[in-house]
Amino acid sequence: RGRRTLAVRVPAHDGARALCAQLHMPLVSTSANRAGGRPCRSEQEVRRRFGDKVWCVGGRIGKARSPSRIIDWATGQVLR
């Protein structure tokens, strides 16, 4: 909130990375959770919570226990 910058997340998700490479452009998305809620951990959970309101790229999510970090590129400060 209140920032005048843009965050860019490079996904560890092979399917999302392949889609970006094929399209020659980034994807724009939000995290798969409601504000303040726990992130979804599977395609099925995304579909259960959001139905057909979102487009979901299926595939393995990896072993990370938490979402990727967001780092301020200019300062190196970890924001989340």
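The values are calculated or read from the model by the stated rules, or taken from the named source; none is laboratory data. Here the structure is a predicted model, which means the values were calculated and not measured. Positions of Cβ are generated from backbone atoms using ideal geometry, with glycine treated the same way; all protein chains shown enter the neighbour counts. Heavy atoms of the whole protein, side chains included, go into the accessibility calculation; ligands, DNA and RNA do not. Shrake-Rupley method; radii C 1.70, N 1.55, O 1.52, S 1.80 Å.
Some notes on this structure:
- Scanning region 72-80 for residues that are surrounded by 13 or more Cβ atoms within 10 Å (Cβ to Cβ) and out of contact with any strand residue (DSSP E or B) (no Cβ under 7 Å at 6 or more places or on another chain) turns up nothing.
- Residues of region 24-57 that are over 13 Å from the mean Cα position of the chain (by Cα), over 16 Å from residue 80 (Cα atoms) and open to solvent by less than 50 Å² (accessible area, probe 1.4 Å): 45, 50, 51.
- Filtered residues of region 1-23 (kept if touching a residue at least 24 places away in the same chain (Cβ under 8 Å), more than 18 Å from residue 69 (Cβ to Cβ) and open to solvent by less than 60 Å² (accessible area, probe 1.4 Å)): 15, 19
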